[in-house]
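The values are calculated or read from the model by the stated rules, or taken from the named source; none is laboratory data. Since the structure is predicted, the reported quantities are computational estimates derived from the model, not experimental observations. Glycine also receives a Cβ, built like all others from the backbone with ideal geometry; neighbour counts cover every protein chain displayed.
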Amino acid sequence: MSTSKPAAPGYSTATYRLFDDKADFAKKAEGIAVGLTVGSWTELPQVAKQRMEPYLGQVVSVQAHEPENAAPGERYADITIAYPDLNFSRDIPALLVTTFGKLSMDGRIKLLDLNPSSAFLEAFSGPKFGMQGVREKLGVTDRPLLMSIFKSVIGYDLPNLHEQFLQQALGGVDLIKDDEILFENPLTPLERRVETCVDAAREAEKVTGQKLIYFTNLTGPTSKLRENARRAIDAGANGLLFNVLAYGHDALTELANDSSINVPIAAHPALAGAYYPSPYHGIAAPLLLGKLVRIAGADLSLFPSPYGSVVMPKEENLAVQANLLDPSLPLKAAFPVPSAGIHPGLVPLIMRDFGEAVVVNAGGGVHGHAQGAAAGGRAFRQAIDAVQAGVGLSEYANDHEELRLAIERWGVREA
Ligand code: 1AE
């Protein structure tokens, strides 16, 4: 069964996948459209109906998938509902609560996508720098960027942090991010941590000639986020890492809208596994970590790749990327950063699937190199060079020792 009509201007649409073995999907769709807007409809007198009409949700489409021999649990429908913008304020919490608040707890239903109206989107400025702005800051326009992640930071002091930063930077990475689990602590307090890392960045730049962005983990209670962001920036931070799902997309919007927080923001996906992996519940990854994160204002979005240690299916991964880059959204594009368990031997796959509009990001894959983190960074840069030159990694490794050792440790998966 399939019904479809276009959403009118002034409406934002939500698409759901609803699993139910017996339901009349058309009725269910009507129930959602009415239940999440005016509440009841059929019982209303005509005059009240007329008054409520502008606030009533509309069923846009119902695409039922009910194969003849569907096993129990496999019957579902994709349902799109249009919600009047009149019903909610122009912020992500209002959009999410309207479209999926109570509904998220009502049976086996997953929010697949949201298409906010242009009026809704006008309230958002999106990424301040975006993919292009980050590239311009670094002066790198002709290859994927390379990011490395601090590892083993808890329990370490400032000199250790300095050394770790320096080694990563000497390897030729463009971006270095704090580990998302590094919070305010007595050994590496915020300003001292930033100053230490910025010192190490300057030291490395004298050797590599390369500019670098350091994404300091922005932490603390929500009420202190702005203040902490400014403290970090005043101490020299030129990027911020933000655990967007722990705080909510709206907190990211607040940071991105603040003109004094004038550095790129990288959104970390910590907690995302509580939202997207189930086919039956939650919010789909392309929406959660792609579209919403970009609307909220992240310049980079991290998410698990299809290749490494924490895996997201490739189709979903590419849909996250598509939403971060989608030119039909009136916002700057955000950098996709497929992450977790990435090593140099995966670079051909990453570049095959994501092209050059990608950040190659690794923690263990840099620090775990047999000759240390600087060599780990160089191995990644060599892998990127090899793919750009159209040469197989194993062949390129014949006269690139760092890459050879990386392949010896982790292997290679050619595209
Ligand atoms: C999906 C986020 C990945 C991340 O933040 C992280 O720390 C990855 O580390 P590695 O590359 O798996 O060691």
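Annotations
- Selection of first residues in segment 301-317 that are within 29 Å of Lys128 (Cβ to Cβ) and modelled with pLDDT of 95 or more and of second residues that are within 11 Å of the ligand (Cβ to nearest atom) and polar (S, T, N, Q), restricted to Cβ pairs under 6 Å at least 6 apart or on distinct chains, gives the following pairs, ordered by first then second residue: Leu302/Ser339.
- A single entry from Thr80, Thr13, Thr42, Thr98 fulfils the requirement of being at pLDDT below 95, touching a helix residue (DSSP H, G or I) at 6+ places or on another chain (Cβ under 9 Å) and of a type in the set (S, T, N, Q): Thr42.
Conditions tested, residue by residue: (1) outside the structural domain of Pro269 (by TED's automatic domain parsing); (2) of a type in the set (A, V, I, L, M); (3) within 15 Å of the ligand (Cβ to nearest atom).
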{"residue": "Lys332", "(1), (2), (3)": "no, no, no"}
{"residue": "Ala340", "(1), (2), (3)": "no, yes, yes"}
{"residue": "Gly345", "(1), (2), (3)": "no, no, yes"}
{"residue": "Glu356", "(1), (2), (3)": "no, no, no"}
{"residue": "Gly377", "(1), (2), (3)": "no, no, yes"}
{"residue": "Ala389", "(1), (2), (3)": "no, yes, no"}
{"residue": "Leu403", "(1), (2), (3)": "no, yes, no"}
{"residue": "Ala406", "(1), (2), (3)": "no, yes, yes"}
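- Scan of segment 146-165 for residues that are away from the ligand (no atom under 15 Å from the Cβ) and either under 21 Å from the mean Cα position of the chain (by Cα) or among the small types (Gly, Ala, Ser) (or both), ordered by number: Gly155
- Scan of segment 255-288 for residues that are surrounded by fewer than 18 Cβ atoms within 10 Å (Cβ to Cβ) and assigned to a helix (DSSP H, G or I), ordered by number: Asn257, Gly273, Ala274
- Index of the failed condition, Arg135 passing every other in (1) assigned to a helix (DSSP H, G or I); (2) in the same structural domain as Ala333 (by TED's automatic domain parsing); (3) over 17 Å from Phe335 (Cβ atoms): (3)
- Selection from segment 306-317 of residues that are in contact with an Asp or Glu (Cβ under 9 Å, 6 or more places away or on another chain) and surrounded by 16 or more Cβ atoms within 10 Å (Cβ to Cβ): Pro306, Tyr307, Asn317
- In segment 190-207, the condition of being under 28 Å from Val358 (Cβ atoms), touching a residue at least 12 places away in the same chain (Cβ under 8 Å) and under 16 Å from the mean Cα position of the chain (by Cα) is met by no residue.
- Close pairs from segment 345-367: first among the aromatic types (Phe, Trp, Tyr), partner assigned to a strand (DSSP E or B), Cβ under 8 Å, at least 6 apart: Phe354/Pro336; Phe354/Pro338
- Any hit, segment 167-178, residues being within 16 Å of the ligand (Cβ to nearest atom), in a helix (DSSP H, G or I) and of a type in the set (S, T, N, Q): yes
- Pairs with Cβ under 7 Å, 6+ apart, first in segment 50-63 and part of a helix (DSSP H, G or I), second buried (at least 16 other Cβ atoms within 10 Å of the Cβ): Met52/Val38; Pro54/Pro84; Tyr55/Thr37; Tyr55/Val38; Tyr55/Pro84; Tyr55/Asn87
- Checked against (1) surrounded by fewer than 18 Cβ atoms within 10 Å (Cβ to Cβ); (2) over 22 Å from the mean Cα position of the chain (by Cα), Leu112 passes all but a single condition, namely (2).
- Every residue from segment 332-382 that is surrounded by fewer than 17 Cβ atoms within 10 Å (Cβ to Cβ) and closer than 30 Å to Ala119 by Cα: Ala357
- Candidates are the residues of segment 276-296 that are within 16 Å of the ligand (Cβ to nearest atom) and within 13 Å of the chain's Cα centre (by Cα); the one that is farthest from Leu329 (Cα to Cα) is Tyr276.
Residue-by-condition table, conditions (1) in contact with a strand residue (DSSP E or B) (Cβ under 8 Å, 6 or more places away or on another chain); (2) β-branched (Val, Ile, Thr):
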| residue | (1), (2) |
| --- | --- |
| Glu195 | no, no |
| Lys211 | no, no |
| Ala229 | yes, no |
| Val244 | yes, yes |
| Thr253 | no, yes |
| Tyr276 | yes, no |
| Ala285 | yes, no |
| Lys291 | yes, no |
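- Of all residues in segment 204-215 being touching a Leu at 6+ places or on another chain (Cβ under 6 Å) and not in a helix (DSSP H, G or I), the one that is surrounded by the fewest Cβ atoms within 10 Å (Cβ to Cβ): Lys211
- Summed over segment 219-253, the residues that are touching a residue at least 40 places away in the same chain (Cβ under 8 Å), outside any helix (DSSP H, G or I) and among the hydrophobic types (A, V, I, L, M, F, W, C) give a count of 4.
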